[in-house]
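S.K.: Before anything else, here's the structure in question.
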Amino acid sequence: MQINLTIEKGRADDFNELVADLIASPKVVQKSIISARRKTAKWLRTQVVRALSKETQIPASVLRNRVVLSRISIKGEVFIGLNSVSVSRLQPRQTKSGVKAKGGLHVQGAFVVDSMESHPVFKRVTDRAYPIEYQRRDLEKEAQRIIAGDILPKLSDKLYDLLEHELKWRILYKQKK
């Protein structure tokens, strides 16, 4: 999923006024923009993990490694990669009908292999012994809904606040040194 880190038009005018008031050089403004975008991307990742954890009941420690931010481009685009979670990471429990795991996940007809250290969860594809399929939980749809509904409306304001903070810090604090 690709997200563009830009400021809304009304906020852009406020930012231009701030730059004019603080008499910032183009180099300082550029560094402030890069830093603010990086911090906004980290904030975005944290918000996605928190909301996704709350929604799916999967521990945030498991999700943290699954939500991957690519490098921020010059245009301010961030790519969020959402890798699926292995059911074995969700504390699977064998039941008569299959496997239950955290997050309300129930895989009908699956089984846990206890002889292996990671306790992987498999499911038979056919009635025969083989082939078997490794079980994972996909997060893409839930994450897209959460990002579009809860996080994107706050993103522009957060970017502006961080941009304002970075610019003031670079001008006022750095000049003292």
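The values are calculated or read from the model by the stated rules, or taken from the named source; none is laboratory data. What you are looking at is a predicted structure, and each value in this text was computed from that prediction instead of being measured. No Cβ is skipped: glycine too gets one built from the backbone with ideal geometry, and neighbour counts run over all protein chains shown. Accessible surface is based on the protein model in full, side chains and every heavy atom, while ligands, DNA and RNA are left aside. Shrake-Rupley method; radii C 1.70, N 1.55, O 1.52, S 1.80 Å.
S.K.: Checking Asp127 against (1) touching a Leu at 6+ places or on another chain (Cβ under 8 Å); (2) farther than 25 Å from Leu82 by Cβ; (3) among the charged types (D, E, K, R): exactly one of these is not met. Which one?
M.R.: (1)
S.K.: Hey, another quick one. Only one of (1) out of contact with any helix residue (DSSP H, G or I) (no Cβ under 6 Å at 6 or more places or on another chain); (2) on the phi < 0 side of the Ramachandran plot; (3) not polar (S, T, N, Q) is not met by Gly98, so which one is it?
M.R.: Result: Gly98 passes all but (2).
S.K.: Continuing with this model, one more query. When you check Lys31 against the structure, is it open to solvent by 10 Å² or more (accessible area, probe 1.4 Å) and touching a residue at least 12 places away in the same chain (Cβ under 8 Å), yes or no? It would help to see each step written out before you state the result.
M.R.: Working: open to solvent by 10 Å² or more (accessible area, probe 1.4 Å): yes; touching a residue at least 12 places away in the same chain (Cβ under 8 Å): yes.
Judged against the criteria, Lys31 is a match.
S.K.: Of the conditions (1) at pLDDT below 85; (2) touching a helix residue (DSSP H, G or I) at 6+ places or on another chain (Cβ under 6 Å), Ser73 satisfies every one except a single condition; which number is it?
M.R.: The failed condition is (2).
S.K.: Let me ask another. Of all residues in the range 101-156, which are of a type in the set (D, E, K, R) and assigned to a strand (DSSP E or B)?
M.R.: Pass one, the range 101-156, residues of a type in the set (D, E, K, R): 102, 114, 117, 123-124, 127-128, 133, 136-138, 140-142, 145, 150, 154.
Lys123, Arg124, Glu133, Arg136, Arg137 - these are the residues of the range 101-156 that are of a type in the set (D, E, K, R) and assigned to a strand (DSSP E or B).
S.K.: Could you list all residues from the range 52-100 that are among the acidic types (Asp, Glu) and assigned to a strand (DSSP E or B)? Write out each step before concluding.
M.R.: Residues of the range 52-100 that are among the acidic types (Asp, Glu), as a first pass: 55, 77.
Result: Glu77, single match.
S.K.: Name every residue in the range 116-153 that is within 17 Å of Arg89 (Cβ to Cβ), at pLDDT below 90 and surrounded by 13 or more Cβ atoms within 10 Å (Cβ to Cβ), in order of residue number.
M.R.: Of everything in the range 116-153, those that are within 17 Å of Arg89 (Cβ to Cβ), at pLDDT below 90 and surrounded by 13 or more Cβ atoms within 10 Å (Cβ to Cβ) turn out to be His119, Leu139, Glu142, Ala143.
S.K.: Moving to a separate point now. May I ask you to list the residues in the range 83-102 that are open to solvent by 20 Å² or more (accessible area, probe 1.4 Å) and out of contact with any Phe, Trp or Tyr (no Cβ under 8 Å at 6 or more places or on another chain)? Working first, answer last.
M.R.: So the first thing to find is which residues in the range 83-102 are open to solvent by 20 Å² or more (accessible area, probe 1.4 Å), and the list is 83-84, 88-89, 91-97, 100, 102.
Hits for the range 83-102 are Asn83, Ser84, Ser88, Arg89, Gln91, Pro92, Arg93, Thr95, Lys96, Ser97, Lys100, Lys102.
S.K.: Given (1) modelled with pLDDT of 90 or more; (2) closer than 30 Å to Gln30 by Cα, where does Ala110 come up short, assuming only one miss?
M.R.: All conditions are met except number (2).
S.K.: Among residues belonging to the range 103-115 that are farther than 18 Å from Val125 by Cα and not aliphatic (A, V, I, L, M), point out the one that is least open to solvent (accessible area, probe 1.4 Å). Before the answer, list the steps.
M.R.: The initial filter retains those residues of the range 103-115 that are farther than 18 Å from Val125 by Cα, namely 103-105, 114-115.
From the residues that got through so far, the ones that are not aliphatic (A, V, I, L, M) too are 103-104, 114-115.
Working: Gly103: 23, Gly104: 79, Asp114: 110, Ser115: 110 Å².
Among residues in the range 103-115 that are farther than 18 Å from Val125 by Cα and not aliphatic (A, V, I, L, M), the one least open to solvent (accessible area, probe 1.4 Å) is Gly103.
S.K.: While we're here: Just the residues that are under 15 Å from Arg137 (Cα atoms) and either modelled with pLDDT of 90 or more or open to solvent by less than 50 Å² (accessible area, probe 1.4 Å) (or both), please, taken from the range 54-70.
M.R.: Glu55, Thr56, Gln57, Ile58, Pro59, Ala60, Val62, Leu63, Arg66, Val67
S.K.: While we're here: Given the conditions (1) of a type outside the set (Asp, Glu); (2) surrounded by 15 or more Cβ atoms within 10 Å (Cβ to Cβ); (3) at pLDDT below 90, and given that Val49 satisfies all but one, which numbered condition is not satisfied?
M.R.: All conditions are met except number (3).
S.K.: All but one of (1) out of contact with any helix residue (DSSP H, G or I) (no Cβ under 6 Å at 6 or more places or on another chain); (2) of a type outside the set (Val, Ile, Thr); (3) under 17 Å from Lys42 (Cβ atoms) hold for Tyr160; which doesn't?
M.R.: Going through the list (1) out of contact with any helix residue (DSSP H, G or I) (no Cβ under 6 Å at 6 or more places or on another chain); (2) of a type outside the set (Val, Ile, Thr); (3) under 17 Å from Lys42 (Cβ atoms), Tyr160 breaks only (1).
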